[in-house]
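Beneath this line is the structure, given in structure tokens, with notes to follow.
The values are calculated or read from the model by the stated rules, or taken from the named source; none is laboratory data. Bear in mind the structure is a predicted one, so any value in this text is a computation, not a measurement. As a convention, Cβ positions derive from the backbone with ideal geometry for all residues, glycine included, and neighbour counts pool all protein chains shown.
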Amino acid sequence: MQDEKLPNIIPIFPLSNFIIFPNTNVPLNIFEPRYIQMVDDAMKNNKIIGMVQPKKTGEPDKPELFEVGCTGKITSYNETEDGRYLIVLNGVSRFRILDEVIDKKLYRSVKVDFKEFHNDLNLIKEDIKFSDLELIFVNLKKLFQRQGYSINWKDLENQSLDQTINTLSMASPFSLEEKQMLLESKDVNSRRKKLEEILRTYILDDFSNTTVQ
């Protein structure tokens, strides 16, 4: 999908502590009426929806939004007997929100721009060595164990290195602000460095907590 084919107005699904990246797949369980309507409309059109994190400000039912999110295309769709939708989104491109669209739909829509993230649509893999990820793996395993999270490390070994970095950025138990920093990183190498920085603070905090009495 080329950027000129991406719509400049998209429906959005605000979800805290949840980000996606281009060429990653995420399952979603849709049950709220407004998002049922959103999926219905998306399936009738281009199957594109935008995932974006809400801020902690604004109205409870209409929080302010971070400016950068990522579009996803619905690649799998199933309806359950109790009326829920089980969908899979494939990440397409990040976007920057320009303005919110006022209409009478239950869900929110925004006007977006993709120019800043035109490289998201390139299929060229960045030059990353597996050795670059060794420290990240060591520190992440410590963090996941400490916080009771589990991840299938074997599956990660079968991914490309850039997919691995994006998957770890999505799955890691970070704050919404930290995840937003990872989402807004210019490219995968920048994201790897930011991931290392965030992990370093967690490991240092843990070291301080276990050594200072």
Filtering region 76-86 down to residues that are part of a loop (DSSP other than H, G, I, E, B), at negative phi and of a type outside the set (Lys, Arg) yields 80, 81, 82
Quick count over region 1-20, residues being farther than 17 Å from residue 97 by Cβ and out of contact with any Lys or Arg (no Cβ under 8 Å at 6 or more places or on another chain), is 3
Quiz item: Looking at region 33-44, is at least one residue among the small types (Gly, Ala, Ser), modelled with pLDDT of 95 or more and over 27 Å from residue 178 (Cβ atoms)?
Solution: yes
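Results for (1) assigned to a strand (DSSP E or B); (2) out of contact with any Pro (no Cβ under 8 Å at 6 or more places or on another chain); (3) surrounded by 14 or more Cβ atoms within 10 Å (Cβ to Cβ), shown as yes or no for each residue.
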position: 7; (1), (2), (3): no, yes, yes
position: 20; (1), (2), (3): no, yes, yes
position: 28; (1), (2), (3): yes, yes, yes
position: 74; (1), (2), (3): yes, yes, yes
position: 88; (1), (2), (3): yes, no, yes
position: 95; (1), (2), (3): yes, yes, yes
position: 99; (1), (2), (3): yes, yes, no
Those residues of region 101-116 which are buried (at least 16 other Cβ atoms within 10 Å of the Cβ) and β-branched (Val, Ile, Thr) amount to 110, 112
Counting only residues that are at pLDDT 85 or above, outside any helix (DSSP H, G or I) and either in contact with a Phe, Trp or Tyr (Cβ under 7 Å, 6 or more places away or on another chain) or not hydrophobic (A, V, I, L, M, F, W, C) (or both), region 149-192 contains a total of 4
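Across region 48-67, what is the total count of residues that are more than 17 Å from residue 23 (Cβ to Cβ) and part of a strand (DSSP E or B)?
11
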Taking first residues from region 18-29 that are under 13 Å from residue 163 (Cα atoms) and second residues anywhere that are among the hydroxyl-bearing types (Ser, Thr, Tyr), the pairs with Cβ under 6 Å that are 6 or more apart or on different chains are 22/93
